[in-house]
Amino acid sequence: MRILKRILIYGIFLSVLLSLGGIIVSYVYQDKIVKVFIDEANNHLLTPIKVGKIRFSVLEKFPAMAIVMEDVYIRESIKDSNDPLGVANKIYLSFSIYNLLRGKYVVDKISLEEAEVKLKVTKAGRLNYKIIQQGEGAANPDFRFDIDKISLKNVAVVYHNERKEELIDLIAVNSTARLSQEGSVLSIDLDGNIKSNQIKVDDNSYFKDKNLEVTTAFTYELEKQLLSFSPSDVLVNQARFIVQGDYLIARENEIDLQVSGDNTHIQTLFSLLPEKVYQRFKKYRSKGKLYFNGEITGKLGRNISPELIINFGCQDATVIYPENNQKIDNVSLTGTFHTPSIDDLSKARLSITNIRAVLDNRPIAGKIVLENFKNYYIDCKIDAVLDVNSILGFFPNEQIASASGLIGIDINFKGRASDFKGSSRINRVENSGEISVENLNFKLTTNKLAFKNFNGHLLFRNNDLAINDFQASAGNSKFVLDGYFKNFLALLLSKKQPLIIQANLQSPMIDLDELLSSEIDKGKTQNTGPVKYYFDITPRLNLDFNCDVKMLKFRRLRGKDIKGDLWVKNQQASTQRLSFRAAGGSVTLNGKVDARPKNDILIATNAQFDHLDVDSIFYIFENFNQSFLQDHHLKGQFYADIKTRQAFNKNLKWYPNSLVAEVESSIKNGELNKFEPMKRVAKYVRRESLDHLRFSEIKNNIHIENQVIRIPPMEVSSNVRTIKVEGTHTFGQIIKYDLKIPIRNPDKRDKDEAFGAIEEDGKGNTNLFLTIVGSTSDYQVVYNTRKVKQKIKQDIKKEGQELREVFKNKGKKSETVELNEDEYFDFDSENAGGKGNNK
């Protein structure tokens, strides 16, 4: 115990002594050491070096002394260029105290922190890193570099050979290199963490976004420019590889490297995939015999690249997804990848054959062969019956909450990718087989709607997939399809291909409230708040449906016996002569829905309404969001030809100002009952009640635009009176209706009260002019004297026209008119007798 205490005390004493010695040396030699370094740097460097601050430190690299340079900028060696060769936050040049005390300034360690080095070979062949001046002399013979260790911390190294289109982009996160030299052979040991951003040759990138742990030893023969790697460990993510071979750096570089997996498992294969793909599969584990090896050999130049061969496979292995403890057993396959030239993937070939596996006691078999990676030739065969729940257990999908059922796949297809996409070349593709679906049920995480009872067979016919009696349900909605998925294989191979379906669509029930709802919740009803909808048309969707739907439900609408054609293409849906029954009558519809605008939906329709119950129309459209005239006020049959243009947002919120409509309408056998404004009008005409008006037919052409409904003059012949009506009704519920009502046998009191609003037409008829004005919640019924004045002006204008016609005919021969017995002039008898007496 005493010995340990003494050792500890001596150790502390020695550290203190070294520290004090270092401080003394720093104090005595600091200025001299810095000056010697600057003189030596100026003597050897060909390009300027800018340093924000330079100082001498004892403690930062203790027990060594160090020159510390901060905010360093080194310009590249290309003439007339101001681009940097390197920048660094800090550079440490370390010395030993022993050498300093002997008057020797020997830099044996270099440390770089937070730095970036950009090495470049221009298209003209110039190097940007020739910054060391070649010379025999030195500013101080006692100053020299004898580097045995280089430390790199967050140092980015980018090498770009513009002549050969080569790019190496690495970051030494935390690495250490040890150097030694014997004659013309430089030996290097490297150990540390390196991030490979990418290694790029021409347009091909390798090792993109890979984190590497490297332990390697290699030699560099200066005269031959030959790199020789001893067996080296490279850990890529969780996979360990052994790399060895040679790399000759010459005008045409030559490479001969061998790579093999050490203790190969499934992650060995996944680690070579792009980082985003690797992240998707990094949780998978494997048991059993897996192998991986490869080699890259040949010349590497601007127009030439080496050959690459990779072999991999497994025998009776098990692949496991640990989170769900789901596994695929008895996995066997043989795989090879070969390309004679890495730069020319048109000659590359990937072959995965003899695929065998078992998923929950259900066998899987197949093969995949890909040739020519620039225009894939695909030879694929799959034979499996898959339990959907087991598939989700092994390949979780965050968009699918749950699923069950079976999918049977027995397909075989061969062809080039370009042939799948062109209708003129599709016959070159060979394919056969079928897909069967049995009792498939699933729910999505983004929608609580239950998709269930998917059953049917899909048969390959050339590049199409024939749909035979395919049945499915989505919530309350049920569908039966017979037809084709057109160009189906191209759809699987390219995300840009449209989903084309040509089919007969039959359905006993379609519930649009559910299908369009953005928040499906069985506990919600219309009484608990408005239903939120969302509608859009995916750009890839291309439909041609012949529809036969027994019932369609949307809010209060109940459409029956819906028949017609529906087309969807380029985010537009259209239909012609779509017919259905609703509200006691029938509707024929031509229309177009345009979902191409980013946030909106444009709708144009031309509809014919035949014999619809007008009160049902008001009920279905929820009284058009007003309480003035409601469904219980009206009865009758509605006939109309209506053309509209309007817009909604994607949540089906209507833009009122967008509506433009032309309505040619007729209501037959109509009734207007207990309509409050008519009760008020009744006070002005007395004797008759306007509480219950019946009329045989009213016709009118109504125009709607800028949120205003314009009603031209129309005549309503009712059981009580014939009333003429015209006016406007805004969407803001501001109303102005002008009424002309005939008054029978008006008394003096009537005429006195309505002075200026009563007009006598000279034929014994008396008409009262009234106006209903205000808002639907606060309106007045007032006498309309303006209308009477307008009527008088019109009558005077008419009489003047008739008078002009009389003068126009003056001088023409008069026709003799014979009077019947009862057609005579009744002169005043007194005047008549007087004239006779005067004679």
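Quick look at the numbers
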item	result
The one condition in (1) modelled with pLDDT of 85 or more; (2) crowded, with 17+ Cβ neighbours inside 10 Å; (3) in contact with a Leu (Cβ under 9 Å, 6 or more places away or on another chain); (4) not assigned by TED's automatic domain parsing to the domain that holds Val87 that Ser260 fails to fulfil	(3)
The listed residue being surrounded by 14 or more Cβ atoms within 10 Å (Cβ to Cβ), in contact with a Lys or Arg (Cβ under 9 Å, 6 or more places away or on another chain) and over 28 Å from Gly585 (Cα atoms), out of Val681, Val725, Val720	Val720
Residue among Lys327, Lys381, Lys287, Lys367 that is in contact (Cβ under 8 Å) with a residue 40 or more places away in the chain and among the charged types (D, E, K, R)	Lys327
Meets criteria (aliphatic (A, V, I, L, M), within 25 Å of Glu697 (Cβ to Cβ) and either modelled with pLDDT under 80 or in contact with a strand residue (DSSP E or B) (Cβ under 8 Å, 6 or more places away or on another chain) (or both)) for Ile758	no
Answer residue from the range 281-297, given it is assigned to a loop (DSSP other than H, G, I, E, B) and among the basic types (Lys, Arg) and is modelled with the highest pLDDT among those	Lys283
Residue ID - surrounded by the most Cβ atoms within 10 Å (Cβ to Cβ), chosen from residues in the range 345-362 that are of a type in the set (A, V, I, L, M) and within 24 Å of Leu386 (Cβ to Cβ)	Leu359
Count of the range 627-657 residues which are under 30 Å from Pro597 (Cα atoms) and either surrounded by 15 or more Cβ atoms within 10 Å (Cβ to Cβ) or of a type outside the set (Ser, Thr, Tyr) (or both)	16
Checking Phe675 against (1) hydrophobic (A, V, I, L, M, F, W, C); (2) outside the structural domain of Val781 (by TED's automatic domain parsing); (3) touching a Pro at 6+ places or on another chain (Cβ under 8 Å), the condition it does not meet	(3)
Check on Asn211, in a strand (DSSP E or B) and either touching a helix residue (DSSP H, G or I) at 6+ places or on another chain (Cβ under 9 Å) or not assigned by TED's automatic domain parsing to the domain that holds Phe281 (or both)	yes
Test for Gln198: is it surrounded by fewer than 17 Cβ atoms within 10 Å (Cβ to Cβ) and under 35 Å from the mean Cα position of the chain (by Cα)	yes
Subset of the range 349-377 [in contact with a Leu (Cβ under 8 Å, 6 or more places away or on another chain), part of a loop (DSSP other than H, G, I, E, B) and closer than 22 Å to Ile304 by Cα]	Asn372, Phe373, Lys374
Enumeration of residues in the range 75-97 that are within 30 Å of Ala124 (Cβ to Cβ) and of a type outside the set (Ser, Thr, Tyr)	Arg75, Glu76, Ile78, Lys79, Asp80, Asn82, Asp83, Pro84, Leu85, Gly86, Val87, Ala88
Hits in the range 428-473 (condition: surrounded by 15 or more Cβ atoms within 10 Å (Cβ to Cβ) and of a type in the set (Ser, Thr, Tyr))	Ser436, Ser473
Matching entry among Lys327, Lys289 (being in contact with a Cys (Cβ under 9 Å, 6 or more places away or on another chain) and over 30 Å from Asp246 (Cβ atoms))	Lys289
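Yes/no per residue for (1) β-branched (Val, Ile, Thr); (2) not assigned by TED's automatic domain parsing to the domain that holds Arg721:
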site	(1), (2)
Asn651	no, yes
Trp654	no, yes
Glu664	no, yes
Arg680	no, yes
Asp691	no, yes
Glu705	no, no
Ile709	yes, no
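A quick yes/no check of all residues on (1) modelled with pLDDT under 80; (2) over 18 Å from Leu359 (Cβ atoms); (3) in a helix (DSSP H, G or I):
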| position | (1), (2), (3) |
| --- | --- |
| Phe413 | no, yes, no |
| Asp419 | yes, yes, yes |
| Ser424 | yes, yes, no |
| Glu434 | no, yes, no |
| Asn453 | no, yes, no |
| Leu465 | no, yes, no |
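Per-residue answers, yes or no, for (1) assigned to a strand (DSSP E or B); (2) touching a Gly at 6+ places or on another chain (Cβ under 8 Å):
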{"residue": "Asp256", "(1), (2)": "yes, yes"}
{"residue": "Ser260", "(1), (2)": "yes, yes"}
{"residue": "Leu272", "(1), (2)": "no, no"}
{"residue": "Gln279", "(1), (2)": "no, no"}
{"residue": "Lys299", "(1), (2)": "yes, no"}
{"residue": "Gly313", "(1), (2)": "yes, yes"}
{"residue": "Ala317", "(1), (2)": "yes, yes"}
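The values are calculated or read from the model by the stated rules, or taken from the named source; none is laboratory data. None of the values given here were measured: they were computed from a predicted structure. When we count neighbours, we look across all protein chains shown, and the Cβ atoms used for this are built from the backbone with ideal geometry, even at glycine.
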